[in-house]
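What follows draws every value from the coordinates through simple rules; no lab data is involved. Note that the structure is a prediction, hence the values are computed from the model and not measured. All Cβ positions, even for glycine, are placed from backbone atoms using ideal geometry, and neighbour counts span all protein chains on display.
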Amino acid sequence: MSEHYTGDVTTGGPPDVRTLTGLTISKLSVGPMENNAYLLRCPASGDQVLIDAANEAPRLLELVGDAGLSTVVTTHRHMDHWVALEEVVATTGARSLVHAADADGLPIASEPLADGDRIRVGERWLDVIHIVGHTPGSVALLYQDDTDGRHLFTGDSLFPGGVGNTEQDPVRFNSLIDDVEQKVFGRLPDDTWFYPGHGKDSTLGAERAALPEWRARGW
């Protein structure tokens, strides 16, 4: 595992690259809303998958390079996570995936995802976890391996310090905090590293003790 990855990136700056045994993760921040985009590469096959073609298509395509792109996964339907989707797909020929409940929000026809689906990254896989609340079709994507551990891409459902924005809607908030507690913290160990849609990364262990506080404050 790469010893120098921090997950700290700035818009306009270089990607931060994490080299695992079975997967290489490149994290790039794009403007204007400081979205994180993640390029996953299987070193054995060269296959590449992009999580959130958020914006700045030329920078994303430069990150992809000449190796090509098989798939773009959109974590949820909010526009700041798919501004570059149409151009990236048109340029690379990649297929576009999004949860069925958020498919109508995207600018191009995309294949639907469901909870429990698996997305191939060459010889590796991402498990789809449906998390309802930030949007109806938000997903987290889990890579897990005996050597590499567990790595979770959470979109805007989970951040260091709290769950995603539910616009002060108590029904949406309760759905989101329930799903995050049950499907993420209830399923995965403390050493799981998670990669959010904006800002810095964290681990589930660093956040777990704050879950009751998040629920009590309602956001």
Problem set entry | Stretch gain in nm, segment GLN182-ASP8, where the contour uses 0.36 nm per residue and the Cα spacing is subtracted | 59.8 nm
Problem set entry | Label point distance in nm, ASP104-THR91, each placed 7 Å from Cα along Cα→Cβ | 3.1 nm
For this session: If a/c stays under 1.5 just call it rounded; otherwise compare a/b with b/c (prolate if a/b is bigger, oblate if not). Do that for the stretch 1-142, with a ≥ b ≥ c from the square roots of the Cα gyration tensor eigenvalues.
Result: rounded
Problem set entry | In nm, spacing of pseudo-spin labels at THR19 and ASP66 (7 Å Cα→C-beta vector) | 2.0 nm
Problem set entry | Taking the stretch 97-173 and dividing mean pair separation by its residue count, relative contact order in percent (alpha carbons under 8 Å, at least six apart) | 21 percent
Exercise. So what is the relative contact order for the chain, in percent, with contacts set as C-alpha pairs under 8 Å and at least six apart?
Worked result: 15 percent
Problem set entry | Stretch gain in nm, segment MET33-ASP127, where the contour uses 0.36 nm per residue and the Cα spacing is subtracted | 31.1 nm
For this session: For a quick protection proxy, order the peptides 161-173, 96-108 by their average other-Cβ count within 10 Å, most packed first.
Result: 96-108, 161-173
Seminar exercise, completed: The summed charge of the THR166 Cβ neighbourhood (under 13 Å; Lys/Arg +1, Asp/Glu -1) stands at -2
Problem set entry | Value of [θ]222 nm, deg cm²/dmol, for the chain, DSSP H segments ≥ 4, -39500 (n - 2.57) each, nearest 500 | -4500 deg cm²/dmol
For this session: Only bridges with both residues in the stretch 16-217 count here: give the DSSP antiparallel percent, nearest 5.
Result: 70 percent
Exercise. When only C-alpha pairs under 8 Å and at least 6 residues apart count, what is the relative contact order of the stretch 137-219, in percent?
Worked result: 32 percent
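Can you order the peptides 59-69, 124-134 by their average number of other Cβ atoms within 10 Å per residue, highest first?
Answer by packing, highest mean first, reads 124-134, 59-69.
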